[in-house]
1. When the range 208-228 is examined, which residues are found to be more than 21 Å from LEU161 (Cβ to Cβ), surrounded by 13 or more Cβ atoms within 10 Å (Cβ to Cβ) and among the hydrophobic types (A, V, I, L, M, F, W, C)?
2. Taking only pairs six or more apart or across chains, which ones have beta-carbon atoms under 7 Å, a first residue in the range 187-212 that is among the acidic types (Asp, Glu), and a second residue that is surrounded by 15 or more Cβ atoms within 10 Å (Cβ to Cβ) and part of a helix (DSSP H, G or I)?
3. So which residues in the range 44-68 are within 20 Å of GLN135 (Cβ to Cβ) and either outside any strand (DSSP E or B) or outside the structural domain of VAL109 (by TED's automatic domain parsing) (or both), if there are any at all?
4. Out of all the residues in the range 497-531, which are at pLDDT 80 or above and either assigned to a loop (DSSP other than H, G, I, E, B) or not assigned by TED's automatic domain parsing to the domain that holds PRO422 (or both)?
5. If you check VAL494 against the conditions, is it at pLDDT 85 or above, among the β-branched types (Val, Ile, Thr) and closer than 23 Å to MET513 by Cα?
6. Within the range 400-411, which residues are surrounded by fewer than 21 Cβ atoms within 10 Å (Cβ to Cβ) and in contact with a Lys or Arg (Cβ under 9 Å, 6 or more places away or on another chain)?
7. Restricting attention to the range 10-41, and to residues there that are of a type in the set (A, V, I, L, M) and part of a helix (DSSP H, G or I), which single residue is nearest to LYS66 (Cα to Cα)?
8. Mind checking which residues of the range 229-246 are acidic (Asp, Glu) and either crowded, with 16+ Cβ neighbours inside 10 Å or touching a strand residue (DSSP E or B) at 6+ places or on another chain (Cβ under 8 Å) (or both)?
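The values are calculated or read from the model by the stated rules, or taken from the named source; none is laboratory data. Just so you know, these numbers come straight off a predicted model, no measurement behind them. Virtual Cβ from ideal backbone geometry, glycine too; neighbours counted across all protein chains shown.
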Amino acid sequence: MPNSNNTKALIYAPAGRDAQVAASLIDEAGLSSTAVGDLKLFASSLGDEIAVGVLTEEAVRGGDLKPIAAWVSAQPSWSDLPFIVLTQRGGGPERNPAAARLSEVLANVTFLERPFHATSFISIARTALNGRLRQYEARARLEALSEGERRLQTALAAGRLGAWELELSSMLLSTSATCKAIFGRGVDDDVTRDELIASIHPDDRDLVLASLRRTIDTGRDYSMEHRTVWPDGSLHWTEVHAQLYADRYGSGRKLVGVCSDTTARKAVEENLRRLNENLEERVRERTGEVNAAHQTLIEEVAQRERAEEQLRQSQKMEAIGQLTGGVAHDFNNLLMVVLGNLELLGKYLAGDAKATRLVDGAVQGARRGAALTQRLLAFARQQDLQVKPVDLAELVSGMNDLLRRSVGSSVSIEAILPATLPPALVDANQLELALLNLVVNARDAMPDGGTLSISLREEKVVGDKGDLGEGAYLVLAVTDSGTGMDAETLKKAVDPFFSTKELGKGTGLGLSMIHGLAVQLNGALLLTSEPGVGTTAELWLPATEQRPEHPAETGLPVPQAASRLKILLVDDDALIAMSSVDMLEDLGHQVAEANSGLQALELIRSGQHFDMMITDYSMPGMTGAQLAQAVRAIHPALPIVLATGYADLPAGADIDLPRLGKPYNQAQLAKEITKVMAGERAPIPRSGSGASASRSRLSKSDDRCDEIGDGACVV
């Protein structure tokens with residue numbers, strides 16, 4: 001990307017010493033320059049690397065400006081090249097038609113009347129340069145977003161999902177190559193909305209059209225599986241999901257969705273159905289001979305069907321989890337670059353109210369994206385957990401005030417918390433978030449008020465119990481007296497992105513996040529519900545004989561701010577490395593950058609002194625953990641921080657290093673540096689610390705809701 005070191009000004013001022021004077025003043029503004037001798041050469045020299053163009057009005061008067069005008073109009077969307085035009089006294093655009101014509105041709109032009117003071121020219125040149133550099137930054141962000149879109153398309157292709165969009169005003173349909181293939185069309189075929197509707201099996205067509213109309217009218221998500229007839233006459237099954245996107249006035253603007261070919265799955269289901277029918281027929285033929293043992297050829301068949309269904313569900317969730325976790329990790333990296341650069345950009349826009357507002361809006365959007373990726377990582381079981389023995393009775397008691405504020409005065413809370421239960425092996429912070437989600441869900445299920453019960457009990461599991469291994473468990477249960485769920489809704493409750501709330505009121509990741517947390521803790525989430533009676537959510541968490549740690553009640557000493565340090569930053573992603581270096585240098589540190597583990601080792605072995613090293617974990621050739629082990633062999637006392645968006649490191653990567661979770665901002669980066677340089681090797685254990693610790697973790701419900709995004713405290 002061009003920057004102030006490789007950009008230049010282009011000058012066309014053929015009369016006298018004008019070009020020499022302009023070049024000298026531009027040099028004082030911190031920019032190199034090139035002077036050309038004629039207008040044609042000036043036009044052909046324009047390009048992305050030109051930061052500003054300088055012209056004298058009398059030199060271009062009467063000249064052919066068409067090549068320049070053509071270049072200006074053909075600039076990409078991010079580019080708006082600034083021009084400076086030097087005019088004679090009284091030759092400004094207000095009084096000079098020729099100058100006004102230049103304004104129309106050049107678009108982004110500043111007129112400077114001669115004679116002028118040198119500082120005026122330098123100020124205008126610097127303003128033009130700063131504006132051009134911001135354009136380069138906008139281009140970099142557009143390229144980063146384009147790369148993110150490419151990765152998303154790769155993920156869709158890997159999952160064999162076709163993408164489509166339907167503009168409701170024009171009924172114009174856009175389809176991906178995979179989507180066309182799912183409907184039996186070629187890559188180069190033009191497919192219209194009417195053609196796809198016509199390809200739906202006649203017995204399914206009315207149902208599909210009615211469901212589409214309901215989605216457009218109500219905003220509810222579209223989900224349908226139907227038969228499709230290909231142009232060659234063959235019959236296929238297609239599963240389609242879509243969401244309605246509305247304009248600012250709430251009117252439906254377009255439908256955006258994905259589709260997949262489920263023909264193979266339907267064939268398997270049909271084979272299973274026929275097998276079951278055959279088995280049932282055999283049972284009916286031998287009804288007269290059936291006894292208690294026979295009643296037992298039937299229970300085995302039912303058990304096998306349940307096992308097959310559980311296997312299919314498990315495989316589906318695992319595949320979605322792997323795809324979701326990978327995409328979320330990649331977006332974590334992109335969001336970190338965006339957040340870091342926006343944070344630094346905001347500092348340089350102080351005083352510009354409009355630009356500050358735009359930056360703040362972009363930051364809020366990026367933070368929502370970061371919160372969404374954290375929930376996706378939780379569902380994919382890739383979040384980083386701090387598992388310790390925790391007294392669950394103390395944890396729940398410490399959240400009492402927070403939970404009562406969260407449910408409001410119309411809901412009463414009953415707690416059954418025996419004091420003699422053993423601790424559980426959990427991450428206290430994540431468990432608090434899960435409990436808060438369950439309580440808020442229960443509140444929303446009781447719009448007219450009711451009773452909410454929170455209880456703890458110990459259970460023993462003997463033998464194989466599905467998702468739960470043998471051993472002792474603590475069961476944290478949340479029961480409400482609300483609307484409840486029917487069997488079909490309950491079956492889908494923990495599926496990612498499934499929500500019974502209206503569009504925009506929930507992400508559908510609350511229960512799937514809690515389910516992912518429970519599984520990652522070697523436990524389970526069990527749901528029971530009945531319409532009109534209420535719902536019970538049980539978190540089964542492994543018990544332990546270890547005792548909780550109780551830190552001293554005295555406050556922790558506040559570490560002193562780190563002084564100016566020389567830091568080695570290692571990251572194979574150039575955008576992330578650039579953003580992190582900018583944040584560190586803005587904090588006052590001296591930074592050396594390496595883009596691989598081998599390059600970092602070369603800098604260490606060269607004898608350069610470093611006060612600490614910050615390294616990414618996932619790098620080709622040599623991981624951050626392998627790099628840390630090699631560096632420890634050379635400098636055992638060098639502080640090292642491992643930055644990663646993954647939760648669980650692979651086998652063999654067991655190394656005691658402080659973690660810095662991606663995406664991180666400048667404040668988090670500064671805090672981690674201060675902690676490490678102060679000698680704090682790991683966070684002070686907070687689990688099992690009683691009510692005071694819980695209050696410090698969750699001071700009010702809005703704080704925790706803000707961490708996971710608007711409306712995301714509910715499912």
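1. ILE216
2. Listed pairs, sorted by first residue: ASP189/LYS180.
3. The answer is SER45, LEU46, GLY47, ASP48, GLU49, ILE68.
4. Scanning the range 497-531 gives LEU521, ASN522, GLY523, PRO531.
5. no
6. Hits for the range 400-411 are ASP401, ARG405, GLY408, SER410.
7. Initial filter on the range 10-41 (of a type in the set (A, V, I, L, M)): 10-11, 13, 15, 19, 21-23, 25-26, 29, 31, 35-36, 39, 41.
Then keep just the ones that are part of a helix (DSSP H, G or I); that gives 19, 21-23, 25-26, 39, 41.
Details: ALA19: 23, VAL21: 27, ALA22: 24, ALA23: 25, LEU25: 29, ILE26: 27, LEU39: 11, LEU41: 13 Å.
Among those that are of a type in the set (A, V, I, L, M) and part of a helix (DSSP H, G or I), it is LEU39.
8. Initially, the range 229-246 is screened for residues acidic (Asp, Glu), giving 232, 239.
Scanning the range 229-246 gives a single hit, GLU239.
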